[in-house]
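The structure appears right after this line, and notes come after that.
Derivation of every value follows stated rules applied to the coordinates shown; laboratory data play no part. It should be emphasised that the depicted structure is a prediction, and the values quoted were computed from it without experimental measurement. Cβ atoms come from the backbone with ideal geometry, glycine included; neighbour counts cover every protein chain shown.
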2 protein chains.
Amino acid sequence: MPKITFLPSKKIVNVRPGTELLEAALKADVEIPVSCGGNGTCGKCLVRIDSGEVDFTSSGILSIIEISEGYVLACKTRVLDKPIKVFVPEQIEDKEGKFTDTYDDIGLVRQELFPKNWQFDPLAVKWVVDVPPPKPEDGLSDLDRLTRRLQLEWGKKEFVFPLSIIRQLADTLRLENGKVTVTLIRESDRYHIVGIEPGDSTFRHYGIAIDIGTTTVAVQLVFQPLAKSIATRTDYNDQIKCGLDIISRINYAKRPERLAELRLLVLKTINRLIKKASASQKIKTEEICNAVISGNTTMIHLLLGLNPDYIRLDPYTPTILNTPNLSAVDIGIDINPKSWIFISPGVGSYVGGDITAGLLCTDLASDTEDINLFIDIGTNGEIVVGNSDFLMGCACSAGPAFEGGGIRDGMRASLGAIERVEIDPETGIASYSTIGNVKPRGICGTGMISLLANLLLTGWIDSAGKLNRTRKCRAISVSGRHAVYTVVPSEESDTLKSIIISELNIENIIRAKAAIYSASSLLLDQIGIRFEDITNIYIAGGFGRFLDLKMATVIGLIPDLPSEIFKYIGNASLIGSYMILVSQDYKEKQLKLANRMTYIDLGKDPNYMDKYTAALFLPHTDMASFPSVKPLMKIKI
Amino acid sequence: MPKITFLPSKKIVNVRPGTELLEAALKADVEIPVSCGGNGTCGKCLVRIDSGEVDFTSSGILSIIEISEGYVLACKTRVLDKPIKVFVPEQIEDKEGKFTDTYDDIGLVRQELFPKNWQFDPLAVKWVVDVPPPKPEDGLSDLDRLTRRLQLEWGKKEFVFPLSIIRQLADTLRLENGKVTVTLIRESDRYHIVGIEPGDSTFRHYGIAIDIGTTTVAVQLVFQPLAKSIATRTDYNDQIKCGLDIISRINYAKRPERLAELRLLVLKTINRLIKKASASQKIKTEEICNAVISGNTTMIHLLLGLNPDYIRLDPYTPTILNTPNLSAVDIGIDINPKSWIFISPGVGSYVGGDITAGLLCTDLASDTEDINLFIDIGTNGEIVVGNSDFLMGCACSAGPAFEGGGIRDGMRASLGAIERVEIDPETGIASYSTIGNVKPRGICGTGMISLLANLLLTGWIDSAGKLNRTRKCRAISVSGRHAVYTVVPSEESDTLKSIIISELNIENIIRAKAAIYSASSLLLDQIGIRFEDITNIYIAGGFGRFLDLKMATVIGLIPDLPSEIFKYIGNASLIGSYMILVSQDYKEKQLKLANRMTYIDLGKDPNYMDKYTAALFLPHTDMASFPSVKPLMKIKI
């Protein structure tokens, strides 16, 4: 069996001839990303053969220069009966510290939509009490004494103590002469004690808002006394390796041990982010005693270990939409174990709590007759339209392209991501700017929109997303039926690997934008209104802080309307979760939104496929609906 | 280092000369019981040196025949620099199946004190519902559908579902066309779902009553639909090896890891008994969804992992007296993990829930002006006196003698225990009867009472408990200052080891009975009543099914009164727990008893020591108070 040496790790493995290189890497415990499931379309598994020979297929993801340099896709390469050395380039995800985003989208949402000071009211509060010392023969236990003291303050409620708190009671009550801080959760008739500490620790009171996306997970750490966001962290959902979109995750979860695996993977992601956010503020994770989680219905099922299969099967019935209060330790979230975790209520199998949370960042949560539209662009796209009279929601599968998934050099909007691209109309060469103004490491969603729009406007791609093969351009490299476009040559990139977009990648982006646009317009059709009737269009999503709405119109992601009606609000699910975290009023508000929304299943509309197919062009087959967009290179439709 | 070979196990160990044999056994993983903490008073660590020499002290626990046969106490024997072979006799506890008692004391309690049929009402009930199938676009989750169906039946309550139940929901609802059995716990405003099974399983509905004593643990398995006891099991508390009485357990628990050890030991005992009781009825332990636990305050603290140290320290404040509802999994009881465990309320640090449960088996729970007295004889003795106007309780430390602890051949009242002894006045030789009429294995509490009383009445011991050295008797063997009495010679016993009682053992029994008697009479003194004012005296305890009250009077355990006023009610704590298990009314009844009882600390009474010392004779130094008892051999006091 030939010897395979992986560099720079120097890990060695022997495999049978014919083995796929990706499998060999797995066996050698060398991590190589594969976001398309190994069918050669994302290009993320790029490696370089430094010595020896292999049997490989170029699947249109590599530039000619890369092929000449020995680059191959590990998923499309088989080992021969000869030893080889394989160089695995540094992964975008490798640089700890650079990797986790710390941007905070709160500034994107209109100030008056946030809870006011007098609405600050988290689920768990902290309270200091002075408990009198034990007296001989008063017949009171420690628990009785503390309960009586609390009842003096809060009235004759029932106080519920979990065993773990009772275990701390005796010693804690005797540490600072009976002065203790209790953390309590108020229900109408009973108060739940979830923490007890000696002395006064009311100033160490933290909460965490968590958004679980199919591709991206984000957390926001909040100092509860001031309802102040003090740290934000974002990362890819570790579940990605088990499937890029919701349906592939549901399929993966069919076996109980795989359902358990998915549960642990998302917990790992969440807990890692909580740890990073807390560490940055020198906070112990146990000091966090409030948490709000928002996510789509499938993500919540996977988080809780619930079989998601019935979400996928007619009549698409989820196990839960309104999750009861569960404790952190029940779910597996590493904060104060007895804290209650509030999970945002969902509306249907495909409109989840991330949407009801996100709506809090829009005028759809205000009592207005104006019709507003909310579009959340994620791996699933969700669209909600309505006013104080009606509220309708639908969903479509967009894929993870705008979050960097399924795109060879795609990445989240973090340090080093290209977020804006200009194309020289003459040479076809790109100039760009990156987040943090550092060397580029990849392209984020806004960067891809900017890139495609400008390639289209300068005539370097056509309306079908094909690169211009008729004009000479050193950035374009054609190999058989496929062509790729080099945005950044290897010498300019931070990873020393060129940053490229292939026609296959462009197809992914077009499919994503087509799904969003066609679902939005079909929803409006169904209720008999036009885009022109909408007062505000809120765009949410994690593709970057600066969405150029003009460019989004050029590629046909959003309708061609005056730019003032669009409001880009970033990760609305996370911001909405923050609002609920700091204010119980907002929880009520969200529940009302969830209860009055009607879920529409677009899959049952016979026009859906036609609408979608018509949108698979840049900007659209119906150019009349995009009057302001003028592509240079027209193609026949 | 000399080689020590243990027989019959053939386990070998090498230890330094001078090592205690008990320590060598521990090192060789050979189990030898030590119920007195290794100070040579209980005699339970009896072993035989089959070859080689040792350095040993005879501490008055062995007969001369035994010494001549090579018997020694492992705790009083040191290894020399020579190899030895040590034979470890079969332990009473060794014979699996014979060991766990299965006797049921329910018949000892007056029938009218039990809950009536119309009062049968366990905490968790099982209910069958037919849940309608999911409908497309009705917007209901599985959880919503089940909740609505339950609300149809039970009204607009809140139904609380733990995560583990939600995880089973989707599949369970689809197994038998929506027919499911839910197990639910009713609180006033909310119902807690603790189980869900497909189809109708209402006929598999079980509960378990558990009594945790310092020395003995007992469980009673109940078929809930008929409130019928179907299996009872009793065993020693595994904590015994960490200390014989409450104070030594509290001292042992000072280090957190030892507190954890004690918690696990009692859980191990309980779970073993639950398993045995369930297996005998072919029931899966998860089918048990109700449980009531009664125990003294320290036992409950150790069970829950609560630091018991403050129970021992002035002002003797326990962490809890009324335990909140905790789930089986929280505590570690192996039944349906989400079941709530009800723990009987205690009155003070030394009058616990075992007493409030036990009172349910007496007229102290009836609304009567007659004064009744309740004496629970365990390792701690508790005494309660009162009527519908007043209720006073106190406690004393008796030690485990009546349950077989601290007595060389003592054992619980199980198969093979000598429960009645007669002494030939002429020869001094014992004749006896055993539980189950099998070969004797040891002596239980009732047997010891019978033995001592008859030795006293026939003049073979004096009022101080010393054996008669003036008359010749082959059952009495004197060695130095100590003498022992052989009840059963080795050839007649089931273990082939003679069954003996030593003067040191007799002292233990005298101390136990003196504690009980002096505490009872002091309690009455304090409230200004006499034994003669009492209508009924209830005696509870685990020393045997047939307590001969006349004999108990002879040794001075109970006052010298007409026998009709005494009622022996066996393990009242377990029977009371059974009552609460089958009826919520009885739980209320018990809570009222707990709330109206006044706890009296006898330790603060300056007369206590005098009273106790006066009772350290058979029957008492004040012979006038025992007019019917005529010991043959008088001694000067």
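Where Lys and Arg each count +1 and Asp and Glu each count -1, what net charge lies around B:T317 among other residues with Cβ under 14 Å from its Cβ?
-3
B:G381: net charge of surrounding residues, Cβ under 15 Å, Lys/Arg +1, Asp/Glu -1, itself excluded?
Neighbourhood net charge equals -3.
If the viscosity is 1.306 mPa s and the temperature 10 °C, what Stokes-Einstein diffusion coefficient in µm²/s follows for the protein assembly as shown when Rh is the Kirkwood radius over Cα pairs?
Estimated via Stokes-Einstein, D reaches 44 µm²/s.
Enter the mean number of other protein chain beta carbons within 10 Å of the beta carbon of each residue in A:168-179, as an integer.
Taking all residues of A:168-179 together, the mean is 2.
Going down the table (A:K275/A:K592; A:K126/B:K338; B:K156/B:K587), which pairs top 31 Å between alpha carbons?
From the list (A:K275/A:K592; A:K126/B:K338; B:K156/B:K587), the Cα-Cα distance tops 31 Å for A:K275/A:K592.
Separation of segment B:348-424 and segment A:412-442 by C-alpha centroid, Å?
85
For segment A:33-88 and segment B:557-571, compute the distance between their C-alpha centroids and round to whole Å.
Each part reduced to its Cα centre gives a spacing of 92 Å.
Name the shape class, rounded, prolate or oblate, that the alpha-carbon gyration tensor gives for segment A:509-602, where a ≥ b ≥ c are the square roots of its eigenvalues, rounded holds for a/c under 1.5, and otherwise prolate holds if a/b is larger than b/c and oblate otherwise.
Oblate is the answer for segment A:509-602, as a/c is 1.5 or above yet b/c matches or exceeds a/b.
Normalising by the residue count of chain A, find the relative contact order in percent from Cα pairs under 8 Å and 6+ residues apart.
14
So for segment A:3-89, what percent of the C-alpha to C-alpha distances run longer than 23 Å?
Pairs farther apart than 23 Å: 11 percent.
With the convex hull built on the Cα atoms of segment A:122-198, state its orientation-averaged projected area in nm².
4.9
How large is the charge dipole for segment B:3-89, taken about the Cα centre, if only the Cβ atoms of Lys, Arg (+1) and Asp, Glu (-1) carry charge, to the nearest 20 debye?
Magnitude of the dipole: close to 200 debye.
Which whole-number percentage describes the relative contact order of segment A:3-89, with Cα contacts under 8 Å and a sequence gap of 6 or more?
Result for segment A:3-89 is 40 percent.
Which of the lysines could a cross-linker span from A:K630 if the Cα-Cα distance has to be under 29 Å and same-chain partners fewer than 8 positions apart are dropped?
Straight-line reach from A:K630, under 29 Å: A:K466, A:K472, A:K513, A:K550, A:K567, A:K611.
If I model segment B:402-499 as equal point scatterers sitting on the Cα atoms and use the Debye formula, what is log10 I(q)/I(0) at q = 0.10, 0.14, 0.23, 0.25 Å⁻¹?
-0.24, -0.48, -1.27, -1.42
For a quick check: with amide H placed at 1.01 Å from N, whose amide H comes under 5 Å from A:S502's, ignoring anything fewer than 5 positions away on the same chain?
A:R408, A:Y485
Every other copy gets compared here: list the nm distances from the A:P225 label point (7 Å along Cα to Cβ) to its counterparts, shortest first, one decimal.
The projected label point of A:P225 is separated from its counterparts by 6.0 nm.
Based only on Cα atoms, what mean projected area does the convex hull of segment A:434-554 have, in nm²?
Convex hull of Cα atoms, orientation-averaged projection: 9.3 nm².
For a protection proxy built on the mean count of beta-carbon atoms within 10 angstrom, sort A:13-20, A:415-422 highest first, please.
In decreasing order of mean packing, A:13-20, A:415-422 become A:415-422, A:13-20.
May I have the extent of the alpha carbons of chain A along their three principal axes, as whole Å values ordered from largest to smallest?
Here the spans come out as 95, 65, 47 Å, largest first.
Sorted by packing (mean other beta-carbon atoms within 10 Å per residue), highest first, where do A:568-576, B:114-122, A:453-461 land?
A:568-576, A:453-461, B:114-122
Can you pull the mean other chain C-beta count within 10 Å for peptide A:295-307?
2
For segment B:490-543, just list the percent of Cα-Cα distances falling in each 5 Å bin from zero outward, please.
In order of increasing distance, the bins hold 4, 14, 14, 17, 15, 11, 9, 6, 5, 4, 1 percent.
In nm to one decimal, list the spacings between the B:P8 label point and its equivalents in the other copies, with label points set 7 Å along Cα to Cβ, shortest first.
B:P8 label point versus its equivalents elsewhere: 6.9 nm.
Can you give the net charge of the other residues whose Cβ lies under 11 Å from the Cβ of A:D601, counting K and R as +1 and D and E as -1?
With Lys, Arg at +1 and Asp, Glu at -1, the net is -2.
Using only alpha carbon pairs under 8 Å that are at least six residues apart, calculate the relative contact order of segment B:274-370 and give it in whole percent.
Here the relative contact order equals 31 percent.
Let me confirm one metric for peptide B:127-138, namely the mean number of other chain beta-carbon atoms within 10 Å of its residues' beta-carbons.
Taking all residues of B:127-138 together, the mean is 2.
Using only DSSP helix segments of four residues or longer, with each worth -39500 (n - 2.57), what per-residue ellipticity at 222 nm results for the protein assembly as shown after dividing by its residue count and rounding to 500?
After summing the helix terms and dividing by the residues of the protein assembly as shown, the value is -7500 deg cm²/dmol.
Considering chain A, which cysteines have no disulfide-compatible partner, defined as another cysteine with its Cβ under 4.7 Å away?
Singleton cysteines: A:C45, A:C75, A:C242, A:C289, A:C361, A:C394, A:C396, A:C444, A:C473.
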